[in-house]
Amino acid sequence: MAGIKLFESDGHRVFLFEELTPASAVQANQFLIVHNDEAVLLDPGGHKVQSKLFADMSVLIPPQQVRYIFLSHQDPDIVASVNYWLMTTEAQALISKLWTRFLPHFGLDSKLENRLIPIDDGGMKLKLGGDCELLIIPAHFMHSPGNFQVYDPCSKILFSGDLGASLGQDYVFVEDFDAHLKYMEGFHRRYMASGKVMKFWADMVRGLDIDIVAPQHGAMFRGKELVNRFIEWVENLECGVDLLSEKDYTLPG
Ligand code: FE
């Protein structure tokens, strides 16, 4: 099966791959945005996923059309396959400038390092296929200190990385927000750094026209009502350092 089509119109297509992770690994979504004859692959994952993703993707586009590999942050379920993707395509890989020098530890060959594009903290715009301009927006400390999300104005999809991640549910699209909370809450309380950044993020993304929020793990939020519920939930969540006290920092035993 070669991906779920999330969007298609006027030479613009977006695909989700959600079933490629092995059972023992945390489920991870991969996304492919195609505009005319150029594509960007988002958070391609690790070694157990790479060749299956390559095969599924090749059904949809010729691999040489992959112009960019976007890496939201440095975790292995995002980045571990970076050497494979730079070997098998002609793409450049984008990642926060905080993490470029960590990639050789994942086996990135020194000859490929010149195909990394370090992203400054403020984010950037990225042109795809001539006339689609993606926004790479800051999401620092959600959860990684150098963390970005992608907003695609052509499909109105916000690729939110670990923000919005859910684990354990058996559906691809959220139907009932309240019933879905139990799959998200524990992860966000522990991994997201603080309510302060969650509020900054909510204020920032309210300036975007979003039809789908697509996290890197678990189910998507589709439609304005669910998207707005999600943003509101993020804005008001207590998480990370907000929940810690000195009793969490005592020596064991
Ligand atoms: Fe992560």
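Read-outs: derived from the displayed coordinates by stated rules, not from any lab. Computed from a predicted structure; not experimentally measured. Note that each Cβ is placed from the backbone with ideal geometry, even for glycine, and that neighbours are counted across all protein chains shown.
Inclusion of V34 among residues that are touching a Leu at 6+ places or on another chain (Cβ under 6 Å) and more than 15 Å from the ligand (Cβ to nearest atom) is not warranted.
Step by step: first the residues of the range 220-253, then only those that are among the small types (G, A, S) and out of contact with any strand residue (DSSP E or B) (no Cβ under 6 Å at 6 or more places or on another chain), then the one that is nearest to F173 (Cα to Cα). Which residue is that? Full working, then the answer.
Of the range 220-253, the ones among the small types (G, A, S) are 223, 240, 245, 253.
Now restrict to residues that are out of contact with any strand residue (DSSP E or B) (no Cβ under 6 Å at 6 or more places or on another chain): 223, 245, 253.
Numbers: G223: 10, S245: 36, G253: 44 Å.
In this case the residue turns out to be G223.
When D170 is tested against (1) under 26 Å from I119 (Cβ atoms); (2) of a type in the set (D, E, K, R); (3) in a loop (DSSP other than H, G, I, E, B), exactly one condition is not met: (1). Can you tell me which residues in the range 76-102 are surrounded by fewer than 21 Cβ atoms within 10 Å (Cβ to Cβ) and either within 15 Å of the ligand (Cβ to nearest atom) or under 14 Å from the mean Cα position of the chain (by Cα) (or both)? Across the range 76-102, the qualifying residues are P76, A80, L98, F102.
Could you tell me whether F54 is surrounded by 14 or more Cβ atoms within 10 Å (Cβ to Cβ) and under 27 Å from P138 (Cα atoms)?
On the way: surrounded by 14 or more Cβ atoms within 10 Å (Cβ to Cβ): yes; under 27 Å from P138 (Cα atoms): no.
So F54 does not fit the description; no.
Within the group G168, G195, G240, which residue is within 16 Å of the ligand (Cβ to nearest atom), surrounded by fewer than 22 Cβ atoms within 10 Å (Cβ to Cβ) and more than 24 Å from I33 (Cβ to Cβ)? Can you show your working first?
Working: G168 fails: within 16 Å of the ligand (Cβ to nearest atom); G195 fails: within 16 Å of the ligand (Cβ to nearest atom).
Among G168, G195, G240, only G240 is within 16 Å of the ligand (Cβ to nearest atom), surrounded by fewer than 22 Cβ atoms within 10 Å (Cβ to Cβ) and more than 24 Å from I33 (Cβ to Cβ).
In the range 142-163, how many are out of contact with any Ser or Thr (no Cβ under 7 Å at 6 or more places or on another chain) and within 17 Å of D203 (Cβ to Cβ)? Can you show your working first?
Residues of the range 142-163 out of contact with any Ser or Thr (no Cβ under 7 Å at 6 or more places or on another chain): 142-145, 150-160, 162-163.
After this cut, where a residue has to be within 17 Å of D203 (Cβ to Cβ) as well, the list is 142, 151, 158, 160, 163.
Of the residues in that region, 5 qualify.
Looking at the range 104-111, is at least one residue out of contact with any Asp or Glu (no Cβ under 6 Å at 6 or more places or on another chain), within 16 Å of the ligand (Cβ to nearest atom), in a loop (DSSP other than H, G, I, E, B) and closer than 19 Å to P44 by Cβ? Scanning the range 104-111 turns up no residue that is out of contact with any Asp or Glu (no Cβ under 6 Å at 6 or more places or on another chain), within 16 Å of the ligand (Cβ to nearest atom), in a loop (DSSP other than H, G, I, E, B) and closer than 19 Å to P44 by Cβ.
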